[in-house]
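Colleague: I have a structure here, written as structure tokens, and I will follow up with some questions on it.
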Amino acid sequence: MIVKKLSIFPSVEKSKINKEIYGHFSEHLGRCIYQGIFVGKDSPIPNVNGMRTDVVNALKELDIPVLRWPGGCFADEYHWKNGVGTQEERATMINTHWGGVTEDNSFGTHEFFELCEQLGCEPYIAGNVGSGTVRELSEWVEYMTSDNISPMTDWRKKNGRENAWKLRYLGIGNENWGCGGNMTPEYYANLYRHYQTYCRNYGDNKLYKVACGPNGGDYEWTEKVMQIIKPWHADALSLHYYTVPESWEKKGQATEFDAVGYYKTIACTRRIEEIIDRHLGIMSKYDPEHRIGLIVDEWGCWWDVEPGTNPGFLYQQNTMRDAIVAAVNFHIFNDRSDRIVMANIAQIVNVLQSVILTDGVKMLKTPTYHVFRMFKGHQDAMAITHVLEDTTTEHEGGTIPDVSVSASTKDGTMTLTLCNASLTESYCLDTSIDGIYADITGEILTGAMDAYNTFEQPTAVEPSSYTDFEKTAQGLKITLPPCSVVTLTLK
Ligand code: AHR
């Protein structure tokens, strides 16, 4: 057992942890929207207005703050006008990015807002810059958010929605350095300025405009885009960073890996820390008042697809390793909540590092789902200062800090989340906490690094009650077993 000191200072507040850091991303990709969320009103799978009741209920337990849609790469091929009106009026298209399947557009703008209403979350629309027009995006914003009399609003009313919806988050393009048009940063930044001009605020609806940011460590993109867009043109810049430890050609399997593969994954995840900090440094040069926030609007593990599934559908299993990756990412994001305004895991159901997997009528919650639920207490809470003795350890496959921590307070309750990424060592954290907490409860998620839930055994990996802590004169002694995520709630 390795003993380390942890000091927590509840009165030394840092910044609010925006609840949107616990956000999600849904794309017209594989079985994410169709089958995973939307089955249509006539489906034998229980649904409300076409949305699967089991999935919606499970997602509601996570208090999802925001959902990004319709892509991803799909966003820059999506023509919203084909996704409204009666089904006969909705033209089909080929989803060229994802499996070449025919998209029937039965899930469109009205269905997306219905889903967000059922989930109680904010919608985040990703607009088409790559293959769209300024007019098309401008009219979509008008269709969604205007209460004036106009052809667009008349059309919306004819399609069954009398009042404008509220829309805050609007992405202007997606990965325009790649699938969204292969643009240079200069070209995109000028296009961004142009497009955003015509995305209007109607009535009291105030758009929060998101410019396409860099691919991982592409600092030149950030530098050039920040030079050209001005702080009054954009509210945030988006960063995409996936955990791909080996290479895009050979990503590795989701469930079959050894300790070397495990540690490489955690080390690869931790690289986001430096990447975020360097992008934030560049952004500060051009926006010293930090008016423009950073959104990590795609993150998560990207593995080879499950054997026997369509390679274009990106369906993968999810183990304890993914759960550790989620906890490590959240700790990194929470630590930077003064600048990170949102983060969206890719993707919500049946695609990449999902929180839910479905198979026909069956549904399961992944280990990553449980981390989202265990970290709920941080949403909109105040991050507080903590100091942890260094736990950096050399493992086969990568040198990582074994332990990571977040502490926050809200309404007199402290949420303390801890993750031990070591596969072999238990840690005892000798914790001093300023203040008195009479009521302390805990939950733990732990298991073999490659443990996962199946449709036959959907609860193989589940949180359980955690009691391996004891009160001391200064605070607590907290014991973390290997490969574990713990939440303590202190009142
Ligand atoms: O999440 C899958 C894909 O990854 C998205 O469509 C794209 O934005 C990214 O490259």
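No lab work stands behind these numbers, since they all come straight from the coordinates. The shown structure was predicted, so the numbers you read here are calculated from the model rather than taken from an experiment. Because the Cβ atoms are built from the backbone with ideal geometry, glycine has one as well, and the counts that use them run over all protein chains shown.
Colleague: Away from the ligand (no atom under 14 Å from the Cβ), hydrophobic (A, V, I, L, M, F, W, C), under 21 Å from the mean Cα position of the chain (by Cα) and surrounded by 21 or more Cβ atoms within 10 Å (Cβ to Cβ), is that true of LEU6? It would help to see each step written out before you state the result.
Modeller: Details: away from the ligand (no atom under 14 Å from the Cβ): yes; hydrophobic (A, V, I, L, M, F, W, C): yes; under 21 Å from the mean Cα position of the chain (by Cα): no; surrounded by 21 or more Cβ atoms within 10 Å (Cβ to Cβ): yes.
Answer is no for this residue.
Colleague: Do we find that ASN82 is touching a residue at least 12 places away in the same chain (Cβ under 8 Å), within 26 Å of GLU142 (Cα to Cα), polar (S, T, N, Q) and in a helix (DSSP H, G or I) in this structure? Steps first, please.
Modeller: Numbers: touching a residue at least 12 places away in the same chain (Cβ under 8 Å): yes; within 26 Å of GLU142 (Cα to Cα): yes; polar (S, T, N, Q): yes; in a helix (DSSP H, G or I): yes.
Yes: the conditions hold for ASN82.
Matching residues to (1) more than 16 Å from the ligand (Cβ to nearest atom); (2) among the polar types (S, T, N, Q):
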residue: PRO214; (1), (2): no, no
residue: THR222; (1), (2): yes, yes
residue: TRP232; (1), (2): yes, no
residue: HIS240; (1), (2): no, no
residue: GLU246; (1), (2): yes, no
residue: TYR263; (1), (2): yes, no
residue: ALA267; (1), (2): yes, no
residue: ILE282; (1), (2): yes, no
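Colleague: Restricting to region 227-245, what's the tally of residues that are under 22 Å from the mean Cα position of the chain (by Cα) and surrounded by fewer than 19 Cβ atoms within 10 Å (Cβ to Cβ)?
Modeller: Let us first name the residues in region 227-245 that are under 22 Å from the mean Cα position of the chain (by Cα), namely 234-245.
Next, from what is left, pick out any that are surrounded by fewer than 19 Cβ atoms within 10 Å (Cβ to Cβ): 244.
The qualifying residues number 1.
Colleague: Which numbered condition trips up GLY308, out of (1) within 20 Å of LYS60 (Cα to Cα); (2) more than 16 Å from the ligand (Cβ to nearest atom)?
Modeller: Condition not satisfied by GLY308: (1).
Colleague: Next up: Looking at the structure I just gave you, is VAL210 within 16 Å of the ligand (Cβ to nearest atom), touching a Ser or Thr at 6+ places or on another chain (Cβ under 8 Å) and in contact (Cβ under 8 Å) with a residue 12 or more places away in the chain? Step through it out loud before you land on a result.
Modeller: On the way: within 16 Å of the ligand (Cβ to nearest atom): yes; touching a Ser or Thr at 6+ places or on another chain (Cβ under 8 Å): yes; in contact (Cβ under 8 Å) with a residue 12 or more places away in the chain: yes.
The answer is yes for VAL210.
Colleague: If a residue counts only when it is touching a residue at least 40 places away in the same chain (Cβ under 8 Å) and under 18 Å from ALA267 (Cβ atoms), which strands (runs of 3 or more DSSP E) contained entirely in region 379-472 have at least 2 such residues?
Modeller: Numbers: elements: 382-388, 392-395, 398-401, 403-410, 413-420, 427-433, 440-446, 469-471.
Per the criteria, 398-401, 403-410, 413-420.
Colleague: Follow-up question, since we're still on this one. Please specify each residue of region 103-128 satisfying the condition of being in a helix (DSSP H, G or I) and closer than 21 Å to TYR208 by Cα.
Modeller: Kept after step one, since they are in a helix (DSSP H, G or I), are these residues of region 103-128: 109-119.
Matches in region 103-128: THR109, HIS110, PHE112, PHE113, GLU114, LEU115, CYS116, GLU117, LEU119.
Colleague: Hey, can you tell me all the residues within region 326-356 that are within 15 Å of the ligand (Cβ to nearest atom) and of a type in the set (Val, Ile, Thr)?
Modeller: Of everything in region 326-356, those that are within 15 Å of the ligand (Cβ to nearest atom) and of a type in the set (Val, Ile, Thr) turn out to be ILE345, ILE348, VAL349, VAL351, VAL355.
Colleague: Those residues that are in a loop (DSSP other than H, G, I, E, B) and away from the ligand (no atom under 15 Å from the Cβ), I need them from region 85-99; list them, please.
Modeller: GLY85, THR86, ARG90, ALA91, THR92
Colleague: Could you list all residues from region 473-491 that are part of a loop (DSSP other than H, G, I, E, B) and in contact (Cβ under 8 Å) with a residue 12 or more places away in the chain? Walk me through it before giving the result.
Modeller: Restricting attention to region 473-491, the residues satisfying the condition of being part of a loop (DSSP other than H, G, I, E, B) are 473-474, 481-483, 491.
GLN474, PRO481, PRO482, CYS483, LYS491 - these are the residues of region 473-491 that are part of a loop (DSSP other than H, G, I, E, B) and in contact (Cβ under 8 Å) with a residue 12 or more places away in the chain.
Colleague: Something else about it: Considering PHE113, PHE74, PHE107, which residue is surrounded by fewer than 22 Cβ atoms within 10 Å (Cβ to Cβ) and touching a Phe, Trp or Tyr at 6+ places or on another chain (Cβ under 8 Å)?
Modeller: Numbers: PHE74 fails: surrounded by fewer than 22 Cβ atoms within 10 Å (Cβ to Cβ); PHE107 fails: surrounded by fewer than 22 Cβ atoms within 10 Å (Cβ to Cβ).
Exactly one residue qualifies, and that residue is PHE113.
Colleague: May I pose another question? Considering region 452-477 alone, what residues qualify as being touching a Ser or Thr at 6+ places or on another chain (Cβ under 6 Å) and not polar (S, T, N, Q)?
Modeller: TYR452, ASP468, GLY475, LEU476
Colleague: Considering region 415-424 alone, what residues qualify as being within 18 Å of VAL325 (Cα to Cα) and buried (at least 17 other Cβ atoms within 10 Å of the Cβ)? Reasoning before the result, please.
Modeller: Step one: filter region 415-424 for residues within 18 Å of VAL325 (Cα to Cα), giving 416-424.
Across region 415-424, the qualifying residues are LEU416, THR417, LEU418, CYS419, ASN420, ALA421, SER422, LEU423.
Colleague: Please pick out the residue among ARG52, ARG68 that is crowded, with 16+ Cβ neighbours inside 10 Å and within 16 Å of the ligand (Cβ to nearest atom). Reasoning before the result, please.
Modeller: Numbers: ARG52 fails: within 16 Å of the ligand (Cβ to nearest atom).
Only one candidate qualifies: ARG68.
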